[in-house]
Amino acid sequence: MKQPTFKQRFQYWFDNYMARGTGALIGGLAVVSVVIISVAALIVVIGGRILSPEGAEPLSFLEAFWLSLMRTLDAGTMGGDAGWGFRLMMLLVTIGGIFIVSTLIGILSNGLEDRLEELRKGRSLVLESDHTLILGFTPQIFTVISELVAANESRKSGAVIVVLADQDKVEMEDAINERISDMKNTRVICRSGSPMDMNDLEIVSPHAARSIIILSEGEDPDTHVIKSVLAITNNPNRHDKAYHIVTQIRDPQNLDVIKLLSEKDTVQPILTTDLIARVVAQTSRQSGLSVVYTELMNFGGDEIYFKQEPGLSGKTYGDALLAYDTSTIMGIRRADGAILMNPAMDTRFEPGDAIFAIAEDDDKIQLSNLARIPLEESLIQRSGSASKPKPERGLILGWNRSGSIIVRELDNYVAKGSELLIVSEVDDLEKQIQREVGKLKNQKLKIMEGDIRDRTLLNELGITEYDHVIVLAYSHLDVQEADAITLVTLLHLRDIAEKDETPFSIISEMLDLRNRELAEAAKVDDFIVSEHLISLMLAQLSENSELMDVFTDLFDPEGSEVYLKPIGDYVKTGEPVNFYTAVEAARSRGETAIGYRLMSESREAEKSYGVRTNPKKSEKVTFSPEDKLIVISEG
């Protein structure tokens, strides 16, 4: 083998040295500078009087070194030199100094650019603790962060949200800052990396986070979620305490996998397909219900809190309903964790039980301790019979895998003799429905093939003759293409509704959260369903894992649910009445009243479309016959 030459060895050493980075380059430049200055000082000392300034004593090495150093750093220093020999030597030193300083500036500039590029990559370690960690970056993240900012506003020391996603750090920060202008006392830190990679996860300190939110993204979102959960729970650096992980799952079959991963940790998956289908079914029949759900889920107003109340020990649930003026009880949480939503009124509180109630804050849940509850017995409608449900006509335009669940849910709520028409372009839809839905008990089902964007078809269907219209997105199409079909159909429906005074609700589904904002309307009866509600739930559960059982019970078709019922069935209208009286009227029917809706404000978004949850019970309101009482009831 041919031996390398000295030149080749030197080039190899030089290449390796240059590859060491900015610090090594500055160190090498410093060595070169010391050598040049020392050589110049030695020459001046050795030259003696010949190279010393004219009329001056010969310089010592230290004096010559200092003069050379000054001329290296500042070329203007040599302006007052005397003696041509000395001037020539200082000129050479100054030229070398110009080269050294310019090289140093270039090295520092490149080093700074490299450092900024590293920061842009978002790969530096996050040294935070007790932070909320969000894995993934989808349109949902803006709602989640907005809610967390509102939730953290009461924290005096502020809060930190850390985001890890396989996207550019600066682009994520810019997008968040554009959508959320006021972060209040919350800081948001973004890092780039894969949530499924254990090494990338270590960047964002998952073991010090108080909660972790995993957003589903990609072509196979459930797989993404499962791998991310595994990367956290099976991490060799994990701590012994249980991790609090909140996420979402689309396929019910994957819930079993999540349960296997939840043995040591608190992993709370939201089954999005079922939840959205239930919301569609419920909101389509009850105008204003969507606003009630939003009020209960967001951090903008009152929220749901748990509190143990020793003063209620031995008393009944019915007694507790009237024991608070500024809070509204929804149910009982037993000492073993069991949730009783709107239990029987004679259910007694036992040691260790807690209430869960709607309140402005947890410290606002205080017993009123009134000697006498200010009930207005004469205004309670005790003898009047509740309004009997009437058969309904429903229309579903479009189809996706949520459709079968919606049909089954509607069948549980509508009166016997109701009708439901489905119009779609999906092939073999009738066989699919027969296989997935089964036999219906309360409604007659019809299926029709057609283009839901066709205005002629919509006019022929007689849209105004239906009580509620549901527009489902075609999930087998591209997201934007499916939402475009929904938007066109929605525009036609709104135009039809404006030209006819017959009231009918329009519930449409958007796959992309950004399209939901694009299609948002100023009427609560025209409600856009998307993963916005899922985002609100993710934020709530990340702050309080105990709410999972409450939300599960709230949306479960079995047991008690939220209803908006005619206020005239409970109290007399046209006369001032306090909410204590309305609560008592509902209590006598085994129901829990949590608010009301004023139909005179149903078109005013700034007033929450007339919806009031957790009103002060002592304040009086004059209701009209069209107003609704919001109750938790079994039917």
I need a count of the residues in the stretch 592-614 that are in a loop (DSSP other than H, G, I, E, B) and either without any contact (Cβ under 8 Å) to a residue 60 or more places away in the chain or touching a Leu at 6+ places or on another chain (Cβ under 9 Å) (or both). 2
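Would it be correct to say that D166 is charged (D, E, K, R), touching a Gly at 6+ places or on another chain (Cβ under 9 Å) and more than 28 Å from D361 (Cα to Cα)?
Yes; evaluated as a whole, the condition is true for this residue.
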Taking K184 as the residue in question, decide whether it is farther than 12 Å from G136 by Cα, in the same structural domain as T138 (by TED's automatic domain parsing), part of a helix (DSSP H, G or I) and of a type in the set (K, R). no
Pull up the stretch 153-165, narrow it to residues that are buried (at least 16 other Cβ atoms within 10 Å of the Cβ) and not small (G, A, S), then point me to the one that is nearest to K121 (Cα to Cα). L164
The residue that is nearest to D274 (Cα to Cα), considering only those in the stretch 227-256 that are in contact with a helix residue (DSSP H, G or I) (Cβ under 6 Å, 6 or more places away or on another chain) and part of a helix (DSSP H, G or I), is N254
Answer yes or no as to whether I485 is in contact (Cβ under 8 Å) with a residue 12 or more places away in the chain, crowded, with 19+ Cβ neighbours inside 10 Å and closer than 18 Å to G394 by Cβ. no
Restricting the stretch 168-179 to residues that are crowded, with 18+ Cβ neighbours inside 10 Å and not charged (D, E, K, R), which is nearest to V126 (Cα to Cα)? M172
Working carefully through the options T326, T316, T347, find the one that is touching a residue at least 60 places away in the same chain (Cβ under 8 Å) and either over 28 Å from the mean Cα position of the chain (by Cα) or assigned by TED's automatic domain parsing to the domain that holds E153 (or both). T326
Taking the criterion of being of a type outside the set (D, E, K, R) and within 20 Å of G158 (Cα to Cα), would at least one residue in the stretch 192-203 satisfy it? no
Please verify whether G218 is at pLDDT below 95, of a type in the set (G, A, S) and more than 22 Å from N254 (Cα to Cα), treating the condition exactly as stated. no
Identify the single condition in (1) farther than 23 Å from I355 by Cβ; (2) in a helix (DSSP H, G or I); (3) touching a helix residue (DSSP H, G or I) at 6+ places or on another chain (Cβ under 9 Å); (4) not basic (K, R) that V583 does not satisfy, given that it satisfies every other one. (1)
Residue satisfying all of: in the stretch 7-41; farther than 28 Å from I95 by Cβ and in a helix (DSSP H, G or I); modelled with the highest pLDDT among these: R9
Name the single residue that is farthest from the chain's Cα centre (by Cα) among those in the stretch 583-609 being under 26 Å from R382 (Cα atoms), of a type in the set (G, A, S) and surrounded by 20 or more Cβ atoms within 10 Å (Cβ to Cβ). A585
The helices (runs of 4 or more DSSP H) lying wholly within the stretch 446-540 that contain at least 1 residues that are small (G, A, S) are 479-499, 513-519
Check on E460, of a type in the set (D, E, K, R), over 37 Å from the mean Cα position of the chain (by Cα) and on the phi < 0 side of the Ramachandran plot: yes
Can you tell which of G218, G158, G136 is in contact (Cβ under 8 Å) with a residue 60 or more places away in the chain and either of a type outside the set (F, W, Y) or closer than 17 Å to D265 by Cβ (or both)? G136
Test A175 against the stated conditions and say whether it is more than 23 Å from S545 (Cα to Cα), of a type in the set (G, A, S) and in the same structural domain as I249 (by TED's automatic domain parsing). yes
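The values are calculated or read from the model by the stated rules, or taken from the named source; none is laboratory data. These numbers come from a predicted model, not from an experiment. Cβ: placed from backbone, ideal geometry, glycine included. Neighbour counts: every protein chain shown.
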